[in-house]
Amino acid sequence: MTRPANSGGNGMRDGREDGPEEDREASAGGGPGMTPFDEIYDRPDPRDFFRGLGRWQYRTPHHAQDVFRRLVAARRRAGAAEPPAVLDICCSYGINAALLNHDLTLDDLYAHYTSPRAAALTTAELIERDRAYYAARRRPDAVPVIGLDPAAGAIAYACSVGLLDEGFASNLETEPPGARLLAAVRRVGLITVTGGASFLSPRTFRPLLGAAREQVWVAAFVLRTGSYRTIADGLAPFGLITEKVAEPTYPQRRFTSPAEQRHAVDAVTALGEDPRGKEDAGWFHTAFHLSRPSPDTTAVPLSTFLREV
């Protein structure tokens, strides 16, 4: 973990990145130079998603699972009678919700959706099966999860099988939030991001944080190929200090080509990070960022929430 440096008024503690950027700039990198998987993100169900990314050993939700559970427990202890809701941005098919609220692993989900039995079902049959599948594995400490993603098909699936309590197919980078979304996020205590940070800016976060009844924590696993500075700067006016974990980092997925690997190694190196044993070993890696009010950063060290890889 990096030693927290003076935030210098910009809301981010990592002692590396300097200078604010405009909202319009990609704030967390990772988009250009990466293989697109657009065809799997907005299907009627997640089978193509797991088949497509399974080939490249996509792992971020696995790394996030225990971290998010610990964060939810901390927010529950600090909150009122009812548990705070979680807002998962770029939630896709509700995978983080599945792992947070159910006795399942990411490997369980890979096996479930890539099995011959799943392949033989229609989407309607799969949804019916999955509704029972998740209900049977629901944890007693489950919390409400709200999903936000431009992919309407993925959102519809996640709501249909009970992974999301509410889902919104919206892109707040290009459109203002609707009244229903603003009402839903009033009870949110934790915002999570495990993918898509390269497409986000403070424009997405401002209305959500402004609508929440209480201060919200923001937890994000961000590719090391880009900077989180713009988002951290945008969270600071809401009283949130962003801490970045330098070590451990978390493997995201394997590279699809030598060209993709070269792009990642060059991007990480340009940001002053060391790709040895990480990107140069064949994997994208993410760094974990947590944004909290300053008193919370003092009361509970960031290391409390981390798991080793």
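The values are calculated or read from the model by the stated rules, or taken from the named source; none is laboratory data. Values in this document were obtained by computation on a predicted structure and should not be read as measured data. Heads up, the Cβs are rebuilt from the backbone with ideal geometry, glycines too, and the neighbour counts pull from every protein chain shown.
Which condition does Ala184 not pass, out of (1) assigned to a loop (DSSP other than H, G, I, E, B); (2) over 16 Å from the mean Cα position of the chain (by Cα); (3) surrounded by 20 or more Cβ atoms within 10 Å (Cβ to Cβ); (4) of a type outside the set (Phe, Trp, Tyr), if it passes all the others?
Status for Ala184: all satisfied but (1).
If I filter region 240-257 for residues that are of a type outside the set (A, V, I, L, M), on the phi < 0 side of the Ramachandran plot and free of Cβ contacts under 8 Å to residues at least 12 places away in the same chain, do I get at least one hit? So that I can check it myself, show each step before the final result.
Our first condition is that a residue be of a type outside the set (A, V, I, L, M); within region 240-257, this holds for 242-244, 247-257.
Right, trim to on the phi < 0 side of the Ramachandran plot and you get 242-244, 247-257.
If we keep only those that are free of Cβ contacts under 8 Å to residues at least 12 places away in the same chain as well, we get none.
The answer is no; no qualifying residue exists.
On the basis of being in a strand (DSSP E or B), in contact (Cβ under 8 Å) with a residue 24 or more places away in the chain and either under 22 Å from Gln215 (Cβ atoms) or not charged (D, E, K, R) (or both), does Leu87 make the cut?
Working: in a strand (DSSP E or B): yes; in contact (Cβ under 8 Å) with a residue 24 or more places away in the chain: yes; either under 22 Å from Gln215 (Cβ atoms) or not charged (D, E, K, R) (or both): yes.
Yes.
Can you tell me which of Leu121, Leu126, Leu109, Leu99 is at pLDDT 95 or above, in a helix (DSSP H, G or I), more than 22 Å from the chain's Cα centre (by Cα) and surrounded by 14 or more Cβ atoms within 10 Å (Cβ to Cβ)?
Details: Leu121 fails: in a helix (DSSP H, G or I); Leu109 fails: more than 22 Å from the chain's Cα centre (by Cα); Leu99 fails: more than 22 Å from the chain's Cα centre (by Cα).
Of the residues listed, the single one that is at pLDDT 95 or above, in a helix (DSSP H, G or I), more than 22 Å from the chain's Cα centre (by Cα) and surrounded by 14 or more Cβ atoms within 10 Å (Cβ to Cβ) is Leu126.
Filter region 245-270 down to residues that are farther than 11 Å from Trp283 by Cα and touching a helix residue (DSSP H, G or I) at 6+ places or on another chain (Cβ under 8 Å) and give me whichever is surrounded by the most Cβ atoms within 10 Å (Cβ to Cβ).
The qualifying residue surrounded by the most Cβ atoms within 10 Å (Cβ to Cβ) is Val268.
When you scan region 48-59, do you find a residue that is within 20 Å of Gly162 (Cα to Cα), part of a helix (DSSP H, G or I), in contact (Cβ under 8 Å) with a residue 24 or more places away in the chain and touching a Lys or Arg at 6+ places or on another chain (Cβ under 8 Å), even just one?
Checking region 48-59: at least one residue is within 20 Å of Gly162 (Cα to Cα), part of a helix (DSSP H, G or I), in contact (Cβ under 8 Å) with a residue 24 or more places away in the chain and touching a Lys or Arg at 6+ places or on another chain (Cβ under 8 Å).
Any idea which of Ala81, Ala5 is modelled with pLDDT of 50 or more, of a type outside the set (S, T, N, Q), assigned to a loop (DSSP other than H, G, I, E, B) and more than 27 Å from Leu106 (Cα to Cα)? Let's see the steps before the verdict.
Values: Ala5 fails: modelled with pLDDT of 50 or more.
Only one candidate passes the filter, namely Ala81.
Can you pull out every residue in region 271-309 that is among the aliphatic types (A, V, I, L, M) and under 21 Å from Glu243 (Cα atoms)?
Taking region 271-309 as the starting set, the residues that turn out to be among the aliphatic types (A, V, I, L, M) are 271, 281, 287, 290, 299-300, 302, 306, 309.
Scanning region 271-309 gives Leu271, Ala287, Leu290, Ala299, Val300, Leu302, Leu306, Val309.
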